[in-house]
Amino acid sequence: MRLKDLEIFVVAPPAPGWGGRYWIFPKITTDDGITGYGECYASTVGPKAMAAVIEDVFARHMAGESPENVELMFRRAYSSGFTQRPDPTVMGAFSGLEIACWDIIGKARNRPVWALLGGRMNERLRSYTYLYPEPGKETAEFWVDPDMAAEAALRFVNLGFTALKFDPAGPYTIRGGHDPAMSDITRSAAFCKVIREAVGDRADLLFGTHGQFNVAGAVRLAQAIEPYGPLWYEEPIPPDNLLDFAEVQKAVRIPVATGERFTTKAEFATVLRTGGARILQPALGRAGGIWEGKKIAVLAECFTAQLAPHLYAGPVEWAANIHVGTSIPNLLMVETIETGGAFHMKLIRNSIRWEEGYVIPPEGPGLGIDFDEELARAHPYTGARLHLEMQEAPCDYSRPNRFEGGAPSSE
């Protein structure tokens, strides 16, 4: 059994586009006809350029190889061009291809991937969601209105979610970390207050930031929201100075969570060694894939840290997260974007079960999903923008910042 053919799907989810502007799914077929699907969560270049990177990584390091040799192929890609250091573009390409290899291995052995990673540790996986507006009621106001957020929080808690994430803290800018505007601090505290009042102790609050702040600004904001007991404080500073996470964690009483933009165990190891985070959030389509995700979980276990795999992508990365999460003892929860009949579930023909706030690990071979190629081809991405983009304008200190999260209504 050798890796032979590669096909890449670049899929645009229908509006409002929860999960980003597009998702990239490589499909690998072996010389004996077994197919595997993966997902690349990397957007430092446009999707056409990224597809070229995926093709190069596959041809250079994987074609003709046994899909079982994931460690060997990882070392080839990680070392390519005399690097041997985290590279989000190359490793993002490899991550999706590696996930597809595990799908193939599981299908060849007629076993789910979690069974090949040490077996089932967790019968069901606690899941969380971002606070999204109701379908058909998407407005720019939703992202800055605490009362609308509280209404959404109650709706999701009534569906069964026991953890809710929200990000009212202002814009993500290319300028790096900044001091939050006082209005952003006030809004953030107001969100925490009214959401806590709405859901009581029925759900944990997950305070999301996206690397907006410098160390001092991150500490100021954390002090304002501490009274409402958030379970975590997500990526409060940019990921380009791994040592500074420890400065934030030492100064605040909320567990710092981070890892969405980290690549490989090397970056996660640094924040573990320095005490910079208590909760790790690898995105398996960027961090190195399923095997690297398992290694990150083992490292975290040694530091009594927990894993909460990140998801702002499509359902194949979600499936990979679920298989790793099923096999580890230090899983906190997994991110879930949509349930029911929404596009995430339609793209895998509802082959993963979600019940009252928990994901049920699939029993089918490989990733246990039924990828709908016809639906994927019917929704190609034809734009020129990146999966996510940061704004160039700085934080506004003279009037309230208005930021619409990952799917701006102006697009």
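The values are calculated or read from the model by the stated rules, or taken from the named source; none is laboratory data. The shown structure was predicted, so the numbers you read here are calculated from the model rather than taken from an experiment. In this analysis, Cβ positions are derived from the backbone assuming ideal geometry, glycine residues included, and neighbour counts consider all displayed protein chains. Surface areas here come from the heavy atoms of the whole protein model, side chains and all, with no ligands, DNA or RNA. Shrake-Rupley method; radii C 1.70, N 1.55, O 1.52, S 1.80 Å.
By average Cβ neighbour count within 10 Å, what is the ranking of 375-381, 151-157 from highest down? Present the calculation step by step, with values, prior to reporting the outcome.
Values: 375-381: 14.6, 151-157: 19.6.
Going from most to least packed, we get 151-157, 375-381.
Sorted on the mean count of surrounding Cβ atoms within 10 Å across their residues, most packed first, peptides 245-255, 19-29 read 19-29, 245-255.
With the other protein chains left in place, how much accessible area per residue, in square angstrom, belongs to the chain at a 1.4 angstrom probe?
Details: 15730 Å² over 411 residues.
With the other protein chains kept in place, the chain gives 38 Å² per residue.
State log₁₀ I(q)/I(0) for the chain at q = 0.06, 0.11, 0.12 Å⁻¹ as given by the Debye formula over alpha-carbon point scatterers of equal weight, solvent excluded. Debye intensities relative to I(0), on a log10 scale: -0.22, -0.76, -0.92.
In the chain, the DSSP-assigned H stretches of four residues or longer account for a calculated mean residue ellipticity at 222 nm of -11000 deg cm²/dmol, using -39500 (n - 2.57) per stretch and the full residue count as denominator. Can you send over the carbon and sulfur percentage of the accessible area for the chain, probe radius 1.4 Å, protein chains only? For the chain, the apolar C and S fraction of the accessible surface comes to 51 percent. Packing around the peptides 352-365, 302-315, taken as the average count of other Cβ atoms within 10 Å per residue, puts them in this order, highest first: 302-315, 352-365. The phi torsions of segment 100-106, fed into the Karplus equation with coefficients 6.51, -1.76 and 1.60 and a -60° offset, translate into couplings of 4, 4, 5, 4, 5, 4, x Hz, rounded to whole numbers, with Gly and Pro shown as x.
Please compare each pair in Lys107/Lys295; Lys48/Lys193; Lys137/Lys294; Lys4/Lys346; Lys4/Lys294 to a cut-off of 32 Å on the Cα-Cα distance and tell me which ones are over it.
Working: Lys107/Lys295 23 Å; Lys48/Lys193 44 Å; Lys137/Lys294 39 Å; Lys4/Lys346 28 Å; Lys4/Lys294 26 Å.
Among Lys107/Lys295; Lys48/Lys193; Lys137/Lys294; Lys4/Lys346; Lys4/Lys294, the Cα-Cα distance tops 32 Å for Lys48/Lys193; Lys137/Lys294.
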